[in-house]
Each structure stands twice: as structure tokens, then as C-alpha cells.
1. For region 61-86, give me the residue count where each residue is β-branched (Val, Ile, Thr) and surrounded by fewer than 16 Cβ atoms within 10 Å (Cβ to Cβ).
2. Can you name the residue in region 50-92 that is touching a helix residue (DSSP H, G or I) at 6+ places or on another chain (Cβ under 6 Å) and part of a strand (DSSP E or B) and is also farthest from Ser117 (Cα to Cα) among such residues?
3. Any idea which of Glu43, Glu121 is touching a Leu at 6+ places or on another chain (Cβ under 9 Å), acidic (Asp, Glu) and closer than 28 Å to Phe10 by Cβ?
4. Does region 93-102 hold any residues that are touching a helix residue (DSSP H, G or I) at 6+ places or on another chain (Cβ under 6 Å) and either among the β-branched types (Val, Ile, Thr) or modelled with pLDDT under 90 (or both), and which are they?
Amino acid sequence: MDAIINYREFINENNIQLLMDFKQFNTNESKINIRTKAKNSIEYKIKNYIENHEDGKVPINKCFNDLFGIRIICENTLTHNEILNLVNNKYTGLKCINSSKLNYKATHIYFKKNNFSFQWELQIWNKVDEISNINSHEKYKQDYVRWEIENKGGRK
């Protein structure tokens, strides 16, 4: 847990500069957001992972595919296949998956140096899906909110 929290602090110290660097690409056609997973969300994910994934016998870096994330919301609609083709033709070692499920529509690209590092997540959304994706994420987050209230004395 200490290593994960220290890594999170490292990301937080450096993501302000990253955000400023990405702002140069933030045009009227797209939006770019950067975020680091909250400490209490990390605690919940570890607890949930240990209880529900082979009693925690799976490496912890498989649990955290999103400690640090960047989201690009494109004004012009891109299909998953267009993004996949771009990634496959220009880059090596990146995992590009269609993460669309129910009302959530997105392509996620994962960056990982090796098996001893946490990967970073790049989400690509189309502007037309932004509201339904946000609503879908809020529904997904309800288990975490319930856990936070019951175990940490948090509030909705």
C-alpha cells in the first residue's frame, strides 16, 4: 500500500506539468483531462480485489490499470477501429481495447514499461458519448460510495 501511495504522490507532483503540456493540444475540437486515482478509491480497490480475485493471488499491478489516467474527448467521431489502426500502425507495445459496455462507449489505450510498473490509461471518448459515459461511470462508482460510507464514515 505504501508503494502505491508513494507512486500516486509522485504522479500528483508531476501531473500539473503534464496537464500544462497537454493544454497545447486542447483545441475547440477536443478536451483533455488528467487524473490520479484518489487514496480512498485505491483502498477500496485493493480490498475488493483481494476479496473477489483469487484471494489476492493475482499481481497487484493487474488491479491498478488506472492509477493515472488521461481522457481525450474528441469532437469529431472516431471509431474504435480507426483508433486501433492508428495505434497498431504507429506504436509498439501498447494495448488498445474497445471498452464499450452498455451505455459506456470508449477506447482505452494502456501504456506499461514492464511487469514491474503500473500501467497508465488513456481513454478516448467521442463528444456525442460524453454525457452517457459520465452517467455510466456514476452508476459504476456506487459500490465504492457505499463502501466509503459504511467503512470510512464518508458522505454521499
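The values are calculated or read from the model by the stated rules, or taken from the named source; none is laboratory data. What you see is a predicted model; the values in this text were computed from it and never measured. We place every Cβ from the backbone using ideal geometry, glycine too, and count neighbours over all the protein chains shown.
1. So the answer is 2.
2. Only one residue tops the list, namely Ile73.
3. Unique residue meeting the criteria: Glu121.
4. Leu94
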